[in-house]
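To start, the structure itself, in structure tokens.
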Amino acid sequence: MKHLLLLPSLLTLISFFPLHAAEIPWKPEKYSLQVREEALNTVLQNFCADQGIYTIISEQITGTVSGQFTQLDPADFLNRLTAAYNLIWYYDGTVLYIYHSSEMASEMLTMQFAKIDRYMMALDAVQILDQRFPIRALESEGLVYVTGPPRYVELAVQTAVGMDANAARMTALEASRDVVEVFELKYAWADDQLLSFNDREITVPGVVTVLRGILTGSTGLETLESRDRRRKPTRDKLKGKGMSAIGNLEDDEAEDLQAQNSGGDESPQTGPPTPVPMIMADVRNNAVVVRDKGENIAFYRQIIESLDVPAGLIEIHASIIEVNTDYSHEVGVDWRYEKPGDASAGYFNNAANEADADFNFNNSPLTAGAGLSFTTILGDAAENFIARIRLLEADGKADIISRPSIVTLDNVEAQLTTNQTFFVRLEGDREVDLFNVSAGVTLRVTPHLIEDGKHKKIKLSIQLEDGSVTENRVDAIPIVQNTTINTQAVIRHNESVLLGGYVLEKRTDTESRVPFFGRIPLFGNLFRNKTRRNEMVERLILLTPRIIDPENPSRFVEVQPRYTNELDSEELPLDIDPARPRPKPKK
């Protein structure tokens, strides 16, 4: 127990507990005394002896007594005498202690394990407390301040030391025992989440896996990070076993037998097994079940509370666009439109276009060769860009082939896929494999929400795979042409990222026929017309992430705009000529 100096400014009186000190067993008869120049300690000693009370009188008490005391209660006589000579007394239930007031003692106690309210109840139960010497305590800090006669302070300190030591033993005993605690999660998943994307499987670790990784000290991909593995591109083999199946083990049985044989070489463990923590996931209640020492439960609670936090909600909107290469320059001309208070909203690399008074074009050092090869960021110009595409689409010069949307959580991958799959048969000696081949557009986007004061930004990790089946063949198997783009970008809310600009060859087969006659076998060929059209198109993908308010998912989060769009919808009709300049913005 530490002895601290009294700090009145830091000590708070939380309550006065019921104080019940031991009562002195006085005799019922009145007490009378007449003395002259008799020593004070002698008078006190004779008085206590007459009452049959054991007493200890301090050596600091000096002086003489002269006077006559008639028919007084014993308690009244003691109080008058102590008040006249500046004395203090305390009765512990057996002995009456009398001190000079200068011997008043004080002590600051620190209760590390025992509860202060239980400590006060114990003092009251054994009749140590005295209402003349109240005890003050600061329960939140475990501090107790005791002041009074030395014997009173001594008993209070001894009680505190004993109770704190006993509480420490009980705490250590409870800490050494195994306890089971259930932590229910609100936002995070307790178990791992398996996400399947065509030929890929991604395992997002849950809270249980993270805790196990912390305990085992593992920092590898197999424990803490998302595990991404590809599925086998082939189906289960179709084996013609015949007589060869007799006496042979299946592949799974052989692996199990091999594992058993390899495990038999290990030496058996001796002695009782060492208890280890157990962490399990209760999938039904989305809870984490922990069995460990009681002293470690607070550690688990702190980590789980840090992991179980709400995640941001983000909608990702994608527009997959195909533009005829002969007209792609019309998209780039009007796109580099500058708005008041904003830098250029972005541009296609079309260095041949000159600037005019309305659009302020500049030649860019990022200009590439033929085609629109770029990755750039759009502000509010994204709506303008889509409007231009709509105009080209009406003239058959562009095509918005898909506009999917998906909602995902912060730091969770979202995937948009439009694929066609066919299977190639691979024949062997005694088995046949089916090998799947897929081609199409696969877009994987992982958003990360960045809190930057009042402004919110979104970091995007983008993986784009665009494949198509060509007419060229190898061993009667068509060749698949793939285009891959991997990039990252940080944009504001409601801004867009434009990807693509790569050129594809698009084949269109059409057939026209005369009704009824065109359906006649053989003869109907005279009334049918088949047309095959090959054209070069440039594929563009416009990504627009938006932050969704979790309290009201139907609304987007409002953020401070970078600038104000002063163009009214009436000044931007949808039927305008793409080659005609737009009106200047209002001043």
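The values are calculated or read from the model by the stated rules, or taken from the named source; none is laboratory data. This structure is a prediction, so every number in the text was calculated from the model and none was measured. Backbone-built Cβ (ideal geometry, glycine too); neighbour counts: all protein chains shown.
Descriptive notes on the structure:
- Scanning region 122-138 for residues that are without any contact (Cβ under 8 Å) to a residue 40 or more places away in the chain and of a type in the set (V, I, T) yields one hit, V126.
- Within region 85-129, considering residues that are in a helix (DSSP H, G or I) and of a type in the set (G, A, S), the one nearest to the chain's Cα centre (by Cα): A122
- Residue in region 515-537 that is surrounded by 16 or more Cβ atoms within 10 Å (Cβ to Cβ) and in a strand (DSSP E or B) present: yes
- Restricting region 475-490 to residues that are modelled with pLDDT of 85 or more and among the polar types (S, T, N, Q) leaves a set whose member that is farthest from E505 (Cα to Cα) is Q488.
- Residues (among the β-branched types (V, I, T) and farther than 20 Å from T544 by Cβ) located in region 462-512: V469, T470, V474, I477, I479, V480, T483, T484, V503, T508, T510
- Count of residues meeting criterion [over 16 Å from the mean Cα position of the chain (by Cα) and at pLDDT 75 or above] in region 214-227: 3
- Residue within region 67-88 that is in contact with a Gly (Cβ under 9 Å, 6 or more places away or on another chain), in the same structural domain as A39 (by TED's automatic domain parsing) and either touching a residue at least 24 places away in the same chain (Cβ under 8 Å) or closer than 19 Å to Q51 by Cβ (or both) present: yes
- Residues (aliphatic (A, V, I, L, M) and surrounded by 16 or more Cβ atoms within 10 Å (Cβ to Cβ)) located in region 123-138: L123, I128, L129, I135, A137, L138
- A414 being touching a Gly at 6+ places or on another chain (Cβ under 8 Å) and at pLDDT 80 or above: no
- Candidates are the residues of region 444-467 that are of a type in the set (V, I, T) and touching a residue at least 40 places away in the same chain (Cβ under 8 Å); the one that is surrounded by the fewest Cβ atoms within 10 Å (Cβ to Cβ) is I450.
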